[in-house]
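The values are calculated or read from the model by the stated rules, or taken from the named source; none is laboratory data. Given the structure is predicted, the values throughout are model-derived calculations rather than measurements. Keep in mind that these areas ignore ligands, DNA and RNA; they rest on the heavy atoms of the full protein, side chains included. Shrake-Rupley method; radii C 1.70, N 1.55, O 1.52, S 1.80 Å.
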Amino acid sequence: MKTISAKVVRFYETGDASVLRIEEQSLQTPGDGEVRIKAEAIGLNRAEVMFRNGAYLEQPKFPSKLGYEVSGVIDAVGENVSAFQKGDRVSTIPAFSMGQHGVYGEYPVVPASAVARYPESLSSAEGTAIWMQFITAYGALIDIGQLEAGQTVLITAASSSVGIAAIQIAKMIGAKCIATTRGSSKVESLLNLGADHVIQTESEAISEEVSRITGEQGANLVFDPIGGPIVQELASATAKGGMIIEYGALDDRETIYPLFEALGKGLSIIGYTLFEITQDPARLSRAIAFVTNGVDKGSLKPVIDREFAFDDIQAAHRYMEGNSQTGKIVVRV
């Protein structure tokens with residue numbers, strides 16, 4: 001019998017985008033509780049760049065797969081899977097090890113518990129761009145941050161897919177949104193996406209601008225993927241009794257805890273990953289319902305920045321590292 005093979009992206013050492021290889025491997029049969037997806041689109045995330053560089057929460061074991069988000073059609077179902085069947089259009093929810101179930105490939109195999117049917121109004125490119133960004137933002141702003149109408153949220157690195165998702169969620173519930181970006185090139189697009197105010201961090205001080213915008217009250221909630229020295233300034237920009245949620249470490253410089261600001265204002269400063277939501281069935285169910293409802297109402301919609309061909313996976317990673325995108329980078333399979 002002829003062995004059926006499929007393309008997959010793997011890497012054998014950490015490093016820049018050139019370490020990514022497209023290889024052929026035998027088509028994998030889904031195991032107990034797993035499904036196999038005929039991929040149509042892959043969503044790229046900063047976590048995958050960090051994983052490739054060896055700077056992520058999980059360390060790769062070589063040869064390693066990578067990737068969290070894929071959309072497509074289920075073409076095989078393993079044992080003890082009752083919620084899905086062959087032919088279902090689905091996309092993945094990040095709730096697994098990238099090294100074990102990385103989805104950069106033509107026929108990825110993933111746990112059925114990490115799969116959901118995405119709204120029919122979305123394309124496959126939008127379907128692969130929905131769960132990571134919106135659940136990450138939902139978990140911080142709604143589940144943990146308890147953001148309410150009339151409150152102010154400060155969103156740093158706001159042109160990322162998660163940042164845009166946070167803007168949309170904030171506007172959906174009636175909160176005021178202050179976004180940050182480094183230069184002037186993305187200001188207009190962020191305002192068009194719903195931000196009430198945009199701070200250019202290369203020329204404007206975050207704490208001063210937030211104080212001016214809020215009438216010296218500060219932001220009730222801060223949502224930050226950067227870390228490093230900026231955390232001190234974010235603490236200065238946070239309201240009394242406010243919360244700072246750190247969900248990344250894009251700045252590899254040391255992050256110093258802003259003790260006196262925290263003491264003086266009674267701040268809560270917490271670390272967060274979306275796995276707190278995706279690996280808790282009850283919280284995940286609420287997140288999926290929230291996002292689906294938002295999409296159905298037209299309040300939430302993935303923003304696609306650019307699409308690449310599968311064979312151009314290295315170029316797609318380099319483009320992400322260039323930080324010029326506004327929204328999601330998608331790879332077509």
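Details
- Rounded if a/c under 1.5, otherwise prolate or oblate - region 1-151, Cα gyration tensor axes: oblate
- Dividing the summed helix terms, -39500 (n - 2.57) for each DSSP H run of n ≥ 4, by the number of residues in the chain produces a 222 nm estimate of -7500 deg cm²/dmol to the nearest 500.
- Centre separation in Å (Cα based) which lies between region 1-59 and region 123-154: 26 Å
- Percentage, to the nearest whole number, of Cα pairs in region 118-233 over 16 Å apart: 59 percent
- Relative to one another, the C-alpha centroids of region 266-333 and region 160-214 are positioned 18 Å apart.
- Each DSSP beta bridge with both residues in the chain is either parallel or antiparallel, and the antiparallel ones are about 50%.
- Across region 166-274, C-alpha contacts under 8 Å between residues 6 or more apart give a mean separation that, scaled by the residue count, equals a relative contact order of 19 percent.
- In percent, rounded to a whole number, the relative contact order of the chain is 17, using alpha-carbon pairs under 8 Å and six or more apart.
- Cross-link pairs Lys61/Lys186; Lys186/Lys265; Lys38/Lys61 - those with Cα-Cα distance over 30 Å: Lys61/Lys186; Lys186/Lys265
- Here the Kirkwood formula, the inverse mean of 1/r across different C-alpha pairs, assigns the chain a hydrodynamic radius of 20.4 Å.
- Among Lys176, Lys301, Lys61: highest mean-square fluctuation, GNM of the chain, C-alpha pairs under 10 Å: Lys61
- The chain: most fluctuating residue of Gly67, Gly241, Gly294 per GNM, C-alpha cutoff 10 Å: Gly241
- Shape category assigned to region 165-320 from the gyration tensor of Cα positions, a/c cut at 1.5: rounded
- Result for the chain in a Gaussian network model with C-alpha springs under 10 Å: among Glu58, Glu106, Glu34, the largest mean-square fluctuation is at Glu58.
- Share of pairwise Cα separations in region 64-182, more than 16 Å, in percent: 65 percent
- Overall form of region 151-213 per C-alpha gyration tensor (a/c, 1.5; a/b vs b/c): oblate
- Over region 73-176, accessible surface divided per residue gives 31 Å², non-protein components excluded, 1.4 Å probe.
- Accessible surface of the chain, 1.4 Å probe, proportion on carbon and sulfur as whole %: 47 percent
- Region 233-305, relative contact order in percent, only Cα pairs under 8 angstrom and at least six apart counted: 29 percent
- Diffusion coefficient (Stokes-Einstein, Kirkwood radius over C-alpha pairs, 4 °C, 1.567 mPa s) for region 251-302: 91 µm²/s, rounded to a whole number.
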